[in-house]
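Reviewing the structure listed below.
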Amino acid sequence: MEMNSPKEIIDLNINGAVNKANLKLSKMIAMGVLAGMFIAVGGVTSNTAVHNITNVGLARTLAGCIFPLGLLMIVLVGGELFTGNCLMVMAALDKRIRISLFLRNLLVVFFANLLGSLIMDVLIFYSGNLNIGDGAVGAYTIKVALDKATITPLKGITSGILCNFLVCMAILKGAAAKDAAGKIMATWFPICAFVINGFEHVVANMYYIPIGIMAATNPSYTAKAEELYGITAAQLEHLHVGGVFGNLIPVTIGNILGGFFIGLMLYFINVRWDNN
């Protein structure tokens with residue numbers, strides 16, 4: 001199978017970053033909204049599939065096999081994803097884009113991803129998806145959101161680093177392939193790995209936590225959550241807007257650090273040091 005070399009992968013990413021940095025604002029927002037919705041689709045689908053599997057390893061493995069469909073939609077169809085766009089640091093370091101344009105892209109795409117995720121939250125909540133299993137999916141959604149809303153800052157940062165290390169590797173590996181099948185296979189496994197290990201992805205959490213907050217407003221879901229997971233009313237008090245930011249802030253920091261680390265390492269290896 002023909003594929004791009006590591007140096008060609010980095011060159012492709014840098015050229016892509018130039019295009020990303022110069023997108024019209026309206027297009028950047030639209031593509032960011034779509035990417036947020038795509039990642040949310042991966043989240044809801046994996047939640048639905050594993051909600052009644054009690055074996056943690058089996059549940060995470062199945063979720064890991066399903067969740068990557070969100071990133072695959074972005075890779076194959078297009079979209080602006082905050083975590084992947086951290087790799088634009090290579091183009092900034094190579095002086096191909098201005099730092100201001102790099103930061104503009106990250107900021108706009110972050111909030112566009114959030115908007116797309118929130119749109120999907122509302123659609124899923126009213127779609128009846130959470131009613132599956134007599135409200136068991138709704139209960140599981142609450143459990144997942146509660147776990148994320150009560151994460152410690154240290155865990156959020158370190159888990160975020162590991163997550164985006166793998167996400168950025170998935171994107172770069174996908175660029176190695178020259179056909180759709182190769183891109184799917186190359187992208188799939190790093191995303192599968194971060195899900196199985198339970199690492200934190202800020203855009204995914206933009207879906208998981210708000211949908212959990214919404215689910216907690218339904219008495220049948222909260223009753224089911226207490227029945228299945230022993231989640232009490234006192235614990236549910238952690239599901240609020242503050243809990244969203246308590247997760248997103250450290251996870252965002254971690255995701256940025258993880259993306260910058262892999263981007264800078266591969267840039268120096270394949271560009272800066274390769275020329276010396």
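Toward the positive end of the charge dipole of the chain, about the Cα centre and with charges on Cβ (Lys, Arg +1; Asp, Glu -1), which of 215, 90, 62 goes farthest?
The listed residue farthest towards the positive side: 90.
Counting helices only, and only those DSSP H runs with n ≥ 4, report the 222 nm mean residue ellipticity of the chain as the sum of -39,500 (n - 2.57) divided by its residues, in deg cm²/dmol to the nearest 500. Numbers along the way, then the final one.
On the way: 14 runs with 215 residues, N = 276.
When only DSSP H runs of four or more count, the value is -25500 deg cm²/dmol.
Through the Karplus equation 6.51 cos²θ - 1.76 cosθ + 1.60, θ set to phi - 60°, convert the phi angles of region 114-127 into ³J(HN,Hα) values in whole Hz; use x for Gly and Pro.
The phi angles translate into 4, 4, x, 5, 5, 4, 5, 4, 5, 4, 5, 4, 8, 7 Hz.
Angle, helix 219-229 long axis vs. longest principal axis of the chain, Cα atoms, 0 to 90°, nearest 10?
Relative to the chain, helix 219-229 is tipped by roughly 80 degrees.
Each residue of region 95-109 in turn: what ³J(HN,Hα) in whole Hz from Karplus with 6.51, -1.76, 1.60 and θ = phi - 60°, glycine and Pro shown as x?
6, 8, 9, 6, 4, 4, 6, 4, 5, 4, 4, 4, 5, 5, 5
Using a 7 Å offset from the Cα along the Cα-to-Cβ direction at both residue 96 and residue 178, what is the distance between the two label points in nm, to one decimal?
The modelled label-to-label distance comes out at 1.9 nm.
Which whole-number percent gives the relative contact order of the chain, counting Cα pairs below 8 Å spaced six or more residues apart? Provide the component values of the computation, followed by the final result.
Values: 465 pairs, mean separation 79.4, N = 276.
The value is 29 percent.
Skipping prolines and chain starts, which residues have an amide H placed within reach, meaning under 5 Å, of the one on residue 231, given they are 5 or more residues away or on another chain?
Amide H neighbours of residue 231, under 5 Å, 5+ apart: 226.
Computed from the coordinates I sent, Rg/Rh (Cα atoms, Kirkwood Rh) equals one of (i) 1.34; (ii) 0.99; (iii) 1.02. Tell me the label.
(ii)
Pairing the Cα long axis of helix 6-21 with the longest principal axis of the chain, what angle in degrees results, from 0 to 90 and rounded to the nearest 10?
Its long axis makes an angle of about 70 degrees.
Whole angstrom only: what separates the Cα centroid of region 231-276 from the Cα centroid of region 41-87?
Region 231-276 and region 41-87 have Cα centres spaced 17 Å from each other.
Under a Cβ-only charge scheme (Lys and Arg +1, Asp and Glu -1), can you give me the dipole magnitude of region 1-109 about the Cα centre, in debye to the nearest 20? Working shown, then result.
Details: 9 positive and 5 negative charges, 80 e Å.
Value, rounded to 20: 380 debye.
For the chain, take the longest principal axis of its alpha carbons; what is the angle in degrees between that and the long axis of helix 241-267, to the nearest 10 within 0 to 90?
For 241-267 against the chain, the angle is about 30 degrees.
Would you work out which of 120, 135, 174 lies farthest towards the positive end of the dipole of region 119-231, given +1 charges on the beta-carbon of Lys and Arg and -1 on that of Asp and Glu, about the Cα centre?
Ranked along the dipole, the leading option is 174.
5 Å is the cut-off here: which amide hydrogens, built 1.01 Å from N in the peptide plane, fall below it relative to residue 97, excluding neighbours closer than 5 in sequence?
92
What longest region of the chain stays clear of GluC sites (Glu not before Pro) that DSSP places outside H, G, I, E and B and that have at most 11 other Cβ atoms within 10 Å?
For GluC sites (Glu not before Pro) (loop position, at most 11 other Cβ atoms within 10 Å), the longest site-free span of the chain is 3-236.
What pairs in 95/173; 148/183; 148/224; 24/148; 20/183; 27/178 have C-alpha atoms more than 28 Å from each other?
On the way: 95/173 24 Å; 148/183 30 Å; 148/224 19 Å; 24/148 34 Å; 20/183 20 Å; 27/178 26 Å.
Too far apart for the 28 Å limit: 148/183; 24/148.
Using a 1.4 angstrom probe on heavy atoms only, work out the carbon and sulfur share of the accessible area of region 98-177 in %. Display every interim value, and only then the final one.
Working: 2530 of 3400 Å².
Taking all protein chains in place, region 98-177 shows 74 percent carbon and sulfur surface.
³J(HN,Hα) across region 181-194 via Karplus (A = 6.51, B = -1.76, C = 1.60, θ = phi - 60°), whole Hz, x for Gly/Pro?
Values, residue by residue: 4, x, 4, 4, 5, 5, 6, 4, 5, x, 5, 4, 5, 5 Hz.
Please sort by residue number the trypsin sites (Lys or Arg not before Pro) in region 1-89 whose DSSP state is loop and whose Cβ has at most 10 other Cβ atoms within 10 Å.
When the trypsin sites (Lys or Arg not before Pro) of region 1-89 are filtered for loop state and at most 10 Cβ neighbours within 10 Å, 24 remain.
Using unit Cβ charges (K, R positive; D, E negative) and no other charged atoms, how large, in debye to the nearest 20, is the dipole of the chain about its Cα centre?
Around 720 debye, computed over the chain.
Assign unit charges at the C-beta atoms only (+1 for Lys and Arg, -1 for Asp and Glu), then state the dipole size of region 82-216 relative to its Cα centre in Debye, rounded to the nearest 20. Can you show the working numbers first?
Numbers: 10 positive and 6 negative charges, 115 e Å.
About 560 debye.
Counting only heavy atoms of the protein chains, get the accessible area per residue of region 120-276 (1.4 Å probe) and round it to a whole Å² value.
Per residue, region 120-276 has an accessible area of 44 Å².
The values are calculated or read from the model by the stated rules, or taken from the named source; none is laboratory data. Here the structure is a predicted model, which is why all the values come from computation and not from measurement. Glycine gets a Cβ as well: all are built from the backbone with ideal geometry, and neighbour counts include every protein chain shown. Calculation scope for accessible area: heavy atoms of the full protein, side chains included, ligands and nucleic acids excluded. Shrake-Rupley method; radii C 1.70, N 1.55, O 1.52, S 1.80 Å.
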